[in-house]
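The block underneath contains the structure these notes are about, expressed in structure tokens.
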Amino acid sequence: MDELQPIPAFRQVPRTGVIYCTTEATRRGYKPSDPSWSNLGQGMPEAGDLPGAPARTKHVTVDVDDQEYAPVPGIWELREAVASHYNRLYRKGLPSQYSAENVSICGGGRSALTRAAAALGQINLGHFLPDYTAYEELLDVFKAFTAIPIALDGERGYAFSSEDLRREIQGRGLSALLMSNPCNPTGKLVQGEEMARWVHAARELECSLLVDEFYSHYIWSARPGQLPVESAARYVEDVNKDPIVIFDGLTKNWRYPGWRCSWTVGPRQVIDAVASAGSFLDGGGSRPLQRAAIPLLEDAYVVAETHATHTVFREKRQRTLDALERIGIRADRAPDGTFYVWGNLSHLPPPLNDGMQFFRAALERKVICVPGEFFDVNPGKRRAKRASRFRSYVRFSFGPARPSLDQALARIEEMVLAAAKGPETRVIEAGRG
């Protein structure tokens, strides 16, 4: 076939897990606008109106100056707005405050992470298993650093303490650690005093924490009366000396994935480095959308949007957990954050106890999910080829709107019940029909 014919100089670039799953669904007729399909593989939240949320932005004004390139680190006004947002939310009363110089704007989360990866030196960089699927190619394409996996155990609820962190930094000689917090896919969250100890360890042992906080407004363990958000920024002592680098944006927490507007927050020296990387990697983000993003960072907007999202998604979280538990799909731990459930299929009848087989069977019922093996981040495929530790897992998103979510959960239940009856029973019932 022509599509398999190699072209001189080009390698086969793997698709991330979500893209692979969507591509397979598209081959079976999936279209995002088709309500007969339910996409529980999607890495984005529903983007429409929610009760109590601010009105969605539906028009963007393009000024004459917006026809020009944006500066590679982003327009100054948005950088100031992001810095002020972090200071108000996490750093009230602290002597060290973020400024625009501590912020770089970028065209999406992957671009921000890519800039950071391109700016790293010849170091050992730790990363957890499981974690975000896109990290795999990101950690492979840049050859300056060595990616070192740190395996977490589902039987321990993916626990990893500040003492564990210290041992890994010192024992493996880590100069940086990349993590999603809350974790995509498990929903595990490092927060409060434990995160303070992580930041202290990073400061003391001179190990940069690269913290992907794109789900930091989807926190299910917040105390009543608190805004359900969390960030490592809360525990930084000196914004220009502590080696804490944070990635976030409008994609998840503001429910504007299509804007491709993200930011990096960290010491000025890091921001200069990632901006320099951006000058040859992507050239900067969209100027009109950066300008339109500024009002979305005002306190009243953030508070209203976060509370509204939390109310709707908390209910969907519980509905998803209950439905999956009822049919034998258990979570090693209920998610502390994100809008995912990391489902353990090991108690299901074969072949549905295998994530890839489950995924393919669900496609036949027009439901998309993501097999767990895609989160077994293995840059360059350096680890031995053997069955993934996460072969019996699937990530389920409760990002879609409620009707699509309910439709998917009902179909999954029907699929599991049919498999539990066995082939003989299904043949008899088909004959009766």
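The values are calculated or read from the model by the stated rules, or taken from the named source; none is laboratory data. The shown structure was predicted, so the numbers you read here are calculated from the model rather than taken from an experiment. Backbone-built Cβ (ideal geometry, glycine too); neighbour counts: all protein chains shown.
Here are the numbers for this structure:
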read-out: Residue count for the stretch 149-172, restricted to those that are touching a helix residue (DSSP H, G or I) at 6+ places or on another chain (Cβ under 6 Å) and either polar (S, T, N, Q) or modelled with pLDDT under 95 (or both); value: 1
read-out: Selection from the stretch 211-238 of residues that are touching a helix residue (DSSP H, G or I) at 6+ places or on another chain (Cβ under 8 Å) and either among the acidic types (Asp, Glu) or over 20 Å from ASP336 (Cα atoms) (or both); value: ASP212, GLU213, GLU230, VAL236, GLU237
read-out: Contacts under 8 angstrom Cβ, first residue in the stretch 407-423 being under 12 Å from LEU352 (Cα atoms), partner modelled with pLDDT under 95 and aromatic (Phe, Trp, Tyr), 6 or more apart; value: none
read-out: Qualifying residue in the stretch 171-186 (condition: without any contact (Cβ under 8 Å) to a residue 12 or more places away in the chain, over 22 Å from PRO267 (Cα atoms) and surrounded by fewer than 22 Cβ atoms within 10 Å (Cβ to Cβ)); value: yes
read-out: Test: residue in the stretch 11-20 that is farther than 30 Å from SER404 by Cβ, among the basic types (Lys, Arg) and either part of a loop (DSSP other than H, G, I, E, B) or without any contact (Cβ under 8 Å) to a residue 60 or more places away in the chain (or both); value: yes
read-out: Residue, surrounded by the most Cβ atoms within 10 Å (Cβ to Cβ), within the stretch 21-42, restricted to residues that are touching a residue at least 12 places away in the same chain (Cβ under 8 Å) and part of a helix (DSSP H, G or I); value: CYS21
read-out: Search result, residues across the stretch 58-72 that are without any contact (Cβ under 8 Å) to a residue 12 or more places away in the chain and within 26 Å of the chain's Cα centre (by Cα); value: LYS58
read-out: Checking SER175 against (1) outside any loop (DSSP other than H, G, I, E, B); (2) within 26 Å of ARG395 (Cα to Cα); (3) among the hydroxyl-bearing types (Ser, Thr, Tyr), the condition it does not meet; value: (2)
read-out: Where a residue in the stretch 342-367 is among the acidic types (Asp, Glu) and its partner, wherever it lies, is surrounded by fewer than 24 Cβ atoms within 10 Å (Cβ to Cβ), with Cβ under 7 Å and at least six apart; value: ASP354/ARG391; ASP354/SER392
read-out: Residue count, the stretch 316-331 (criterion: buried (at least 19 other Cβ atoms within 10 Å of the Cβ) and assigned to a helix (DSSP H, G or I)); value: 6
read-out: Out of PRO335, PRO351, sole residue that is surrounded by fewer than 18 Cβ atoms within 10 Å (Cβ to Cβ) and outside the structural domain of PRO185 (by TED's automatic domain parsing); value: PRO351
read-out: Residues being surrounded by fewer than 19 Cβ atoms within 10 Å (Cβ to Cβ) and touching a strand residue (DSSP E or B) at 6+ places or on another chain (Cβ under 9 Å) - total across the stretch 206-225; value: 2
read-out: Residue check for GLU373: surrounded by 15 or more Cβ atoms within 10 Å (Cβ to Cβ), over 25 Å from PRO35 (Cβ atoms), among the acidic types (Asp, Glu) and free of Cβ contacts under 8 Å to residues at least 60 places away in the same chain; value: yes
read-out: Top-ranked residue in the stretch 398-408 [being over 11 Å from GLN42 (Cα atoms) and surrounded by 22 or more Cβ atoms within 10 Å (Cβ to Cβ); ranked as nearest to the chain's Cα centre (by Cα)]; value: LEU405
read-out: Residues (under 23 Å from ALA47 (Cβ atoms) and buried (at least 20 other Cβ atoms within 10 Å of the Cβ)) located in the stretch 265-295; value: GLY285, ARG287, LEU289, GLN290, ALA292, ALA293
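To keep it simple, each residue is scored yes or no on (1) modelled with pLDDT of 95 or more; (2) in contact with a strand residue (DSSP E or B) (Cβ under 9 Å, 6 or more places away or on another chain); (3) closer than 20 Å to PRO371 by Cα.
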| site | (1), (2), (3) |
| --- | --- |
| GLU3 | no, no, no |
| PRO6 | no, no, no |
| ARG15 | no, no, yes |
| THR26 | yes, no, yes |
| SER36 | yes, no, no |
| GLN42 | no, yes, yes |
